[in-house]
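Peer 1: Dropping a structure here in structure tokens format, bear with me for questions.
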Amino acid sequence: MEVATASVLLAAHAHGVPLLPALSSAAPSLTKRSCCYDTRRKRGGLRPTVRAVMARPQDVAAVPPPVSRKMVTAVPPLPVPPPVRETPTTPTVYRDNWFDMLAIGYLSRNLQEASGMKNGKDGYEGLIEAALAIAGLFRVDQQWETIKVMMPPSKFSREYFAAFTTIFFPWLVGPCEVKESEVDGKKEKNVVYIPKCRFLESTNCVGMCTNLCKIPCQNFIQKSLGTAVYMSPNFEDMSCEMIFGQQPPEDDPALKQPCFRTKCIAKKNQQVNCSI
């Protein structure tokens, strides 16, 4: 910059151009610029950025070290067996015909005579009340004996009893149908499927189902009709299967099933442990 200025001045002087006025007029501008620059420096208007870079170590705030995060492995909870579902449902409406009412009244009167307690109720309500009295008065083994044609075991007898059950026992267990199963490698229509057992739905009691229906029916059919039958209730959806020609297992899972906690009417009305 200074070399270029000097060259301009020498060239002007060589051509006879006066230089003092120009220098005198340019000087104030340079002076002004210098003064403004000095003033701005004094007032702190221009702040060099070197200061921020060259700050002393003690002036810089200490940055805390990053927090170390250790991986924690979550311990899975122990599996809890699901409880028996007790969802509220709308009661099924049954329309009993004359034969149903006749059979219901006959069984209800016999249970009332066995317990020695008359309830004075009619229809299925009287039958349930009589069964409640039996459940509260007798032990399990005694309950089996309170509910007491011989045909040789064959495909015909098994299918005959299955068909007979669907016709003459809906008054006790509700609507039912015949299903096929395999016996000795062959298909037979020897299973009675009950979508929702009327007795179990009315009592909501596992103990009354096994002690006053399942075990007595199995024993009665075995001893009186001469054919084995296994009744397999499902306490989740209240369905049941009667399998003619199959012996009940010695370790029957239905006999180990605890009763419903809140819906069992035997616990509510008789305060008994119906599962024993």
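The values are calculated or read from the model by the stated rules, or taken from the named source; none is laboratory data. Model, not experiment: these values are computed from the prediction. With ideal geometry, Cβ positions are generated from the backbone for all residues, glycine too; neighbour counts draw on all protein chains shown.
Peer 1: Could you tell me whether any residue of the range 147-163 is over 38 Å from the mean Cα position of the chain (by Cα), acidic (Asp, Glu) and surrounded by 12 or more Cβ atoms within 10 Å (Cβ to Cβ)?
Peer 2: Within the range 147-163 (the criterion being over 38 Å from the mean Cα position of the chain (by Cα), acidic (Asp, Glu) and surrounded by 12 or more Cβ atoms within 10 Å (Cβ to Cβ)), the answer is yes, since at least one residue qualifies.
Peer 1: In the range 107-124, which residues are among the charged types (D, E, K, R) and loosely packed, with under 14 Cβ neighbours inside 10 Å?
Peer 2: The first filter runs over the range 107-124 and keeps only residues among the charged types (D, E, K, R), leaving 109, 113, 118, 121-122.
If the condition is that a residue be among the charged types (D, E, K, R) and loosely packed, with under 14 Cβ neighbours inside 10 Å, then Glu113, Lys118, Asp122 are the ones that fit.
Peer 1: Just to be sure, is Val75 over 24 Å from Asn234 (Cα atoms), in contact with a Leu (Cβ under 7 Å, 6 or more places away or on another chain) and at pLDDT below 85?
Peer 2: no
Peer 1: A follow-up question, please. Evaluate the range 245-255: report whether one residue or more is at pLDDT below 95, under 27 Å from Phe99 (Cβ atoms) and either under 32 Å from the mean Cα position of the chain (by Cα) or not hydroxyl-bearing (Ser, Thr, Tyr) (or both).
Peer 2: Yes, the range 245-255 has at least one match.
Peer 1: Against the conditions (1) farther than 24 Å from Asn190 by Cβ; (2) surrounded by 15 or more Cβ atoms within 10 Å (Cβ to Cβ), where does Met101 fall short? Just the number, please.
Peer 2: Of (1) farther than 24 Å from Asn190 by Cβ; (2) surrounded by 15 or more Cβ atoms within 10 Å (Cβ to Cβ), only one is false for Met101: (2).
Peer 1: Output the number of the condition that Cys213 fails; it satisfies all remaining conditions of (1) modelled with pLDDT of 90 or more; (2) farther than 21 Å from Ala131 by Cα; (3) not hydroxyl-bearing (Ser, Thr, Tyr).
Peer 2: If we test Cys213 against (1) modelled with pLDDT of 90 or more; (2) farther than 21 Å from Ala131 by Cα; (3) not hydroxyl-bearing (Ser, Thr, Tyr), just (2) comes out false.
Peer 1: Which number in (1) under 14 Å from Met208 (Cβ atoms); (2) of a type in the set (Asp, Glu); (3) over 39 Å from the mean Cα position of the chain (by Cα) marks the one condition that Glu129 misses?
Peer 2: (3)
Peer 1: Is one or more of the residues making up the range 94-115 at positive phi and modelled with pLDDT under 85?
Peer 2: no
Peer 1: Now for a separate question. Report yes if some residue within the range 150-167 is in contact with an Asp or Glu (Cβ under 7 Å, 6 or more places away or on another chain), part of a helix (DSSP H, G or I) and polar (S, T, N, Q); otherwise report no.
Peer 2: Yes.
Peer 1: In the range 201-234, which residues are within 26 Å of the chain's Cα centre (by Cα) and surrounded by fewer than 21 Cβ atoms within 10 Å (Cβ to Cβ)?
Peer 2: If the condition is that a residue be within 26 Å of the chain's Cα centre (by Cα) and surrounded by fewer than 21 Cβ atoms within 10 Å (Cβ to Cβ), then Glu201, Ser202, Asn204, Ser232, Asn234 are the ones that fit.
Peer 1: With respect to Glu188, determine if the residue is in a strand (DSSP E or B) and crowded, with 16+ Cβ neighbours inside 10 Å.
Peer 2: Numbers: in a strand (DSSP E or B): yes; crowded, with 16+ Cβ neighbours inside 10 Å: yes.
The answer is yes for Glu188.
Peer 1: Name the single residue, out of those in the range 220-238 being of a type in the set (A, V, I, L, M, F, W, C) and at pLDDT 90 or above, that is nearest to Pro91 (Cα to Cα).
Peer 2: Just the residues of the range 220-238 that are of a type in the set (A, V, I, L, M, F, W, C), to begin with: 220-221, 225, 228-229, 231, 235, 238.
Then keep just the ones that are at pLDDT 90 or above; that gives 228-229, 231, 235, 238.
Values: Ala228: 32, Val229: 29, Met231: 23, Phe235: 16, Met238: 12 Å.
Checking each candidate, the answer is Met238.
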